[in-house]
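Participant: Handing you this structure, nothing more for now.
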Amino acid sequence: MLALLLDRILDAHIRRLPNFCSVLLLIGLLYTFCFFLVLPTYYSGQIERIATEKDNDGSLGQRAVTLDTNFTKMIINELQNTESRKRLVSTLSLYEKIKMNELLQGATFEDRYKMLPGEERTEQWTQHLRALLVNERNKTPQNLLKFVIERQIKGTGNGTVLLVGNSHADVISRELEEEMNGQYNKLQMFTMPGCMPISMPEHFITFDPGHIIPCPFYTRTVKKIVEQAKPDVLFLVFRWYDELLNVQLNENGTKNDEILNAFRHELRHFQKYAKHIFISAPTLQYKHVVAKELAKRLWQHAALGDLHLSRQEHYTANRFSYERLRLLECPKCELFDLADHFCDQKVDKCWAFDEQTQLAYFFDNNHLSYLGRQAIRPYLRTIINKMVVH
């Protein structure tokens with residue numbers, strides 16, 4: 001039909017044809033129709049891949065799978081095996097890399113509110129937090145409490161472990177649980193997105209209008225949990241409030257530094273009940289939403305190098321916070337610092353993505369992706385080896 005129309009145009013000497021514009025429009029519509037007719041067929045072949053899995057005899061079998069969050073997690077898990085990694089690095093297609101980066105946030109939080117085998121959902125402290133809000137006649141929407149995660153799991157060892165904080169604690173919780181491998185009597189978790197587990201002066205806690213989070217009530221609840229649980233190991237894992245990061249140390253002496261004094265006050269209280277405390281250093285903050293930007297640049301065949309963060313830039317931007325951590329006067333405290341794992345002093349980089357697979361370690365500009373969660377397992381093991389659990 002297209003050939004017939006073109007022939008008609010030529011026979012009519014093109015411009016002399018009265019309905020020339022109509023014919024061109026028809027040609028355009030037909031081309032568009034053909035394009036969208038072929039496109040699904042093309043991508044139906046792209047979204048299925050031959051994935052590998054071990055058969056009973058240890059050999060690699062093959063099966064077709066859909067490129068979704070489950071596939072993304074499966075491939076990332078395979079990448080943790082040295083032999084599988086060698087194979088996948090050379091066989092992952094550009095389309096798969098793009099699509100997997102787009103799926104990383106979903107893969108990261110897919111199991112966020114699920115109870116895995118052995119885990120138990122608890123409501124004691126969520127109810128305590130709810131009661132505080134009601135008693136204070138706080139205007140915070142009650143449905144925010146649905147984002148609180150409170151659970152526990154029994155182990156076969158001794159002692160108790162308590163993990164509190166915001167979404168950053170939530171993100172590492174399953175890997176921490178798995179790497180500890182039951183070396184505790186009980187592991188408890190109580191997290192709330194957006195809230196540090198350490199009480200800060202309220203003028204350092206600001207949120208966008210209409211986005212109110214009951215952080216002062218959360219920190220009061222955390223204190224109660226620590227007092228009751230008396231954990232052998234306390235993890236305080238969180239992103240620092242942005243308002244804290246650029247505040248200079250008080251020039252009149254550390255005794256007058258409001259932020260440092262708030263940290264010291266809280267940690268003195270926690271040390272009465274916990275034997276060992278891990279506290280978050282400032283979070284790595286990248287300049288882009290890493291996974292999304294990485295997917296876009298891969299599609300555009302654009303440069304990727306500036307997605308990484310300068311190590312020196314990270315420490316310079318957070319120098320006052322690191323200085324405060326150095327001055328904590330907390331003998332039971334150790335830093336939980338992801339910069340120790342993702343930053344390389346020799347090349348002055350904090351890696352945003354795995355350069356071999358071109359998959360993102362961070363799904364936004366500061367939260368670990370599912371790949372990042374797996375990548376920090378060696379770091380978590382070093383932390384666990386330092387833990388004092390009796």
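Participant: Hey, does the range 373-384 have a residue that's more than 24 Å from residue 87 (Cα to Cα), touching a helix residue (DSSP H, G or I) at 6+ places or on another chain (Cβ under 8 Å), in a loop (DSSP other than H, G, I, E, B) and touching a residue at least 12 places away in the same chain (Cβ under 8 Å)?
Facilitator: no
Participant: Now for a different question. Among the residues of the range 296-344, how many are assigned to a helix (DSSP H, G or I), among the aromatic types (Phe, Trp, Tyr) and under 19 Å from the mean Cα position of the chain (by Cα)?
Facilitator: Restricting attention to the range 296-344, the residues satisfying the condition of being assigned to a helix (DSSP H, G or I) are 296-300, 305-307, 311-317, 319-326, 339-342.
If we keep only those that are among the aromatic types (Phe, Trp, Tyr) as well, we get 299, 315, 320, 322, 342.
When the remaining residues are screened for being under 19 Å from the mean Cα position of the chain (by Cα), the result is 342.
Of the residues in that region, 1 qualify.
Participant: Can you find a residue in the range 252-269 that is of a type in the set (A, V, I, L, M) and within 14 Å of residue 318 (Cβ to Cβ)? Give the derivation first.
Facilitator: Residues of the range 252-269 of a type in the set (A, V, I, L, M): 259-260, 262, 267.
After this cut, where a residue has to be within 14 Å of residue 318 (Cβ to Cβ) as well, the list is 259.
Taking every residue of the range 252-269 in turn, at least one turns out to be of a type in the set (A, V, I, L, M) and within 14 Å of residue 318 (Cβ to Cβ).
Participant: Also, quick follow-up: Select, from 194, 165, 118, the only residue that is crowded, with 18+ Cβ neighbours inside 10 Å and modelled with pLDDT under 90.
Facilitator: On the way: 165 fails: modelled with pLDDT under 90; 118 fails: crowded, with 18+ Cβ neighbours inside 10 Å.
Being crowded, with 18+ Cβ neighbours inside 10 Å and modelled with pLDDT under 90 holds for just one of 194, 165, 118, which is 194.
Participant: Filter the range 247-282 down to the residues that are assigned to a loop (DSSP other than H, G, I, E, B) and among the acidic types (Asp, Glu), then identify the one that is nearest to residue 167 (Cα to Cα).
Facilitator: Once the filter is applied, the top-ranked residue is 257.
Participant: Using the structure shown, decide if residue 273 is of a type in the set (Ser, Thr, Tyr) and touching a Pro at 6+ places or on another chain (Cβ under 8 Å).
Facilitator: Taking the combined requirement at face value, the residue satisfies it.
Participant: Would you be able to say whether some residue in the range 359-371 is part of a helix (DSSP H, G or I) and either surrounded by fewer than 20 Cβ atoms within 10 Å (Cβ to Cβ) or not small (Gly, Ala, Ser) (or both)?
Facilitator: Yes, because at least one residue in the range 359-371 is part of a helix (DSSP H, G or I) and either surrounded by fewer than 20 Cβ atoms within 10 Å (Cβ to Cβ) or not small (Gly, Ala, Ser) (or both).
Participant: Right, another one. Kindly establish whether residue 241 is modelled with pLDDT under 95 and among the hydroxyl-bearing types (Ser, Thr, Tyr).
Facilitator: So residue 241 fits the description; yes.
Participant: Then there's this: Can you give me the number of residues within the range 220-268 that are surrounded by fewer than 19 Cβ atoms within 10 Å (Cβ to Cβ) and under 11 Å from residue 197 (Cβ atoms)?
Facilitator: 2
Participant: Determine if the range 280-287 includes at least one residue that is touching a Lys or Arg at 6+ places or on another chain (Cβ under 9 Å) and among the aliphatic types (A, V, I, L, M).
Facilitator: For the range 280-287, residues touching a Lys or Arg at 6+ places or on another chain (Cβ under 9 Å) and among the aliphatic types (A, V, I, L, M): absent.
The values are calculated or read from the model by the stated rules, or taken from the named source; none is laboratory data. Only a predicted model underlies this, so the values are computations on that prediction, with no experimental measurement involved. So basically every Cβ, Gly included, is an ideal-geometry build from the backbone, and we count neighbours across all protein chains shown.
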